Every structure is written in structure tokens, then in C-alpha cells.
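The values are calculated or read from the model by the stated rules, or taken from the named source; none is laboratory data. All values derive from a computational prediction rather than experimental measurement. Cβ placement follows ideal geometry from the backbone for every residue including glycine, while neighbour counts extend to all protein chains displayed.
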Amino acid sequence: MAQLLDSAAQALEDYRDPFEGSWLIENDVTFDECMELSGWMATGAEMMAALLRNPGAAEAAMAGAMLTILSDRIKSLELPSTKGSS
């Protein structure tokens, strides 16, 4: 996912849409990856919105807000169970 996020960020910097069909095909993005990418990009937008809403906020307060946003995003992921694995 990290590589896909990097590629999507580069696409946006190049004024390309990372959800446009040819970009998705070019980057071999599956439907599930597309959905996950969407969620992570929304998380990034949410974090930036928090920064813009509170430009004068103390760094510690902003770091706490960002950790909350990321924590909520990570909790929303459906991670495979590791029970019984060695």
C-alpha cells in the first residue's frame, strides 16, 4: 500500500487523477486496493483539514489530533486474524 500511496501522491502532483481508469490499469490497482487507497487519501485530507482549521495550535495538540485520526483509520481496517499463527 505504501508504494501505491506514493504513486497516487505523485499522480496528484502531476495533476493526474489516481482514480481515473487508465491510471488504475497502468498501476495494476485492484478494486480492493482502490477502496483502501480511497480511505487512506481521505485520512490524509482529514489530517490536512485539521491543520488548516487550527493553524496556530500547539504542535503537541495537532500531533494528538493526527494520531486520533490515524488510529481511527487503522481501527477501521479489516486486518486478517493472527490467532493460531506461529
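Of the helices (runs of 4 or more DSSP H) that lie entirely inside the range 1-55, those containing 2 or more residues that are of a type in the set (D, E, K, R) and either touching a helix residue (DSSP H, G or I) at 6+ places or on another chain (Cβ under 8 Å) or touching a residue at least 60 places away in the same chain (Cβ under 8 Å) (or both) span 31-53. In the range 1-18, the residue that is surrounded by the most Cβ atoms within 10 Å (Cβ to Cβ) out of those that are among the aliphatic types (A, V, I, L, M) and within 23 Å of SER71 (Cβ to Cβ) is ALA8.
Within the range 32-64, being among the small types (Gly, Ala, Ser) and at pLDDT below 75 holds for GLY56, ALA57, ALA58, ALA60, ALA61. Restricting attention to the range 19-46, the residues that are surrounded by 12 or more Cβ atoms within 10 Å (Cβ to Cβ), of a type outside the set (A, V, I, L, M) and more than 20 Å from LEU70 (Cβ to Cβ) total 5.
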